[in-house]
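The values are calculated or read from the model by the stated rules, or taken from the named source; none is laboratory data. Not measured: the values here are computed from a predicted model. In this analysis, Cβ positions are derived from the backbone assuming ideal geometry, glycine residues included, and neighbour counts consider all displayed protein chains. Ligands, DNA and RNA are excluded from the accessible area calculation, which covers all protein heavy atoms including side chains. Shrake-Rupley method; radii C 1.70, N 1.55, O 1.52, S 1.80 Å.
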Amino acid sequence: MNLIILLEEDFINEKKVRLSGRRLKHILDVHRAKVGDNLRVGILNGKIGLGTITHMNDEFLDMDVELTEDPPKPSNVQLILAMPRPKVFKRLIQDISTMGIKKIYIIKTWRVEKSFWNSPVLEEENLFETMILGLEQAKDTILPEIKVIKLFKPFVEDEIPDIIK
């Protein structure tokens, strides 16, 4: 985790956040941070800056944050791909998020197994968590947009010309 992504619900007040769960575990186990340490932080879809740990225990940590920098500029690349196997899809979404691609089109084609579309990987919460992991590695805060396209021919005829422009 090169950047700790902050969510609106993490904020106690305008300049203070409280973290727990996966992010706390990572800060303790990987960063081996302690009170007074500074870590790179960024609010989801917003600015990036520094967080100074002010209080820490096994259940949560508090941080004073100062968000001063804009996130990196998004890539002009838009990715169109057929739905791969769910395990591969999960890894791909994380890697695509890390690369800075902000528009992803997942297309249903006749070769894609119908069972793939019922995978829990496609649930909004799971996609969100996977994209967050990619953003943390990329030091980025802007969440990619994923569009699931169920009909191939209308997409190619109606939307591809606008995407190409």
### Summary
Checked pairs for region 144-157, first surrounded by 11 or more Cβ atoms within 10 Å (Cβ to Cβ), second hydroxyl-bearing (Ser, Thr, Tyr) and modelled with pLDDT under 90, C-beta under 9 Å and 6 or more apart or across chains, list as PHE152/THR109
### Query
So THR109 fits all but one of (1) of a type in the set (Ser, Thr, Tyr); (2) closer than 23 Å to ILE163 by Cα; (3) modelled with pLDDT of 95 or more; what number is the exception?
(3)
### Message
Condition check: within 22 Å of the chain's Cα centre (by Cα) and either of a type outside the set (Val, Ile, Thr) or open to solvent by 90 Å² or more (accessible area, probe 1.4 Å) (or both). Does LYS47 satisfy that?
### Response
yes
#### Entry: Single unsatisfied condition, MET83 versus (1) within 23 Å of ASP10 (Cα to Cα); (2) in contact with a Lys or Arg (Cβ under 8 Å, 6 or more places away or on another chain); (3) buried (at least 18 other Cβ atoms within 10 Å of the Cβ)
(1)
### Query
Taking region 117-143 on its own, how many of its residues are assigned to a helix (DSSP H, G or I), open to solvent by 40 Å² or more (accessible area, probe 1.4 Å) and acidic (Asp, Glu)?
3
### Task
Would you be able to tell me the number of residues in region 1-23 that are farther than 19 Å from SER97 by Cβ and either free of Cβ contacts under 8 Å to residues at least 24 places away in the same chain or out of contact with any Leu (no Cβ under 6 Å at 6 or more places or on another chain) (or both)?
12
### Query
Scanning region 1-47 for residues that are of a type in the set (A, V, I, L, M) and in a loop (DSSP other than H, G, I, E, B), which turns out modelled with the lowest pLDDT?
MET1
### Query
If we keep just the residues of region 50-80 that are of a type in the set (A, V, I, L, M) and within 30 Å of LYS16 (Cα to Cα), which is surrounded by the most Cβ atoms within 10 Å (Cβ to Cβ)?
MET63
### Task
Can you work out which of the residues in region 94-116 that are open to solvent by 90 Å² or more (accessible area, probe 1.4 Å) and not in a loop (DSSP other than H, G, I, E, B) is nearest to LYS139 (Cα to Cα)?
MET99
